[in-house]
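Values in this text are rule-based calculations from the coordinates and carry no lab data. Since the structure is predicted, the reported quantities are computational estimates derived from the model, not experimental observations. All Cβ positions, even for glycine, are placed from backbone atoms using ideal geometry, and neighbour counts span all protein chains on display.
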Amino acid sequence: MSGKPSKTCFVTIGATASFDRLIRAALSVDFGKALESHGYTDLRVQYGKDGDGLFDACLRHARDAGTSTLNITGFDLDMDGLGQYMKQAKGQGIKGANEGVVISHAGSGTILDALRISVPLIVVPNAELLDNHQVDLAQALAEQEYVVYGRLNNLAQALDDAEALRKRHKAWPPVNSGVHRQARGLKGVMDDEMGFLD
C-alpha cells in the first residue's frame, strides 16, 4: 500500500451521544468494499466514549472477512478537536494524498467544521435521539447541496453521491453562488455565517 496515494474516510459520531449503528455501518464489509472501489486506503473512526469495545468487535469481524485492504484505525475522543482528522480526509498538507470524505452524525458543530475546510461531508442523522433535529438539519443542508444526506442502510450510495458532490463543488460557478442563492432561508444564513459571498 505504500506506493499507492492515500485517501482517507473519516467517520465521527461526536462527543455527546453514542451512535453505535453508524460505527457498525462504517465498519461493515460492504462499506469497506465501496471505499476500496473509490480508491480509499484509510478509514479512521472516532467512536466516542465507551465505544472501544464495539469498535474492536466490528474491526475483528471486518478483518475476519478477509476482503479489506483498508488501513482501519480508531480513537475515542480528541480534546484538541477533529480538525486534524478532517484535514487528513481532505488530503490537506499530506504529500501524495487524494481528497477523501467525512461521515458524521448531524451535529451542527461537526458540520460547520467540515464545511469550513470544504471536505465532502456525508451527514447521517442519529434517529435514536429524542428531539430529531438532526434529520431536519441534514435534509435542509442536503437540499442546498452542502452535504450528502446519508442513511445507515446505504452508506455505499452516499459515498457515490459524495464523490459526485465533490465534482459539482469544483465546477464553476459554485453551487452556492449567484443565481443559486434565490431564497434566504437556512442556506442564506449558512452562507452569511460561513463567509460565502455572491
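Key figures
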quantity: Whether the stretch 6-170 is rounded, prolate or oblate, judged on the alpha carbon gyration tensor where a/c under 1.5 counts as rounded; calculated: rounded
quantity: Hits among aspartates and glutamates - C-alpha to C-alpha of K95 under 16 Å, sequence gap 8 or more where chains match; calculated: D42
quantity: Most to least packed among 48-54, 79-85 [average Cβ atoms within 10 Å]; calculated: 48-54, 79-85
quantity: Cα-based reach from K87 at 12 Å (exclusive), listing aspartates and glutamates while leaving out same-chain residues under 8 positions away; calculated: E99, D113
quantity: Ranked S68, S118, S37, criterion: other C-beta atoms within 10 Å, fewest first; calculated: S37, S118, S68
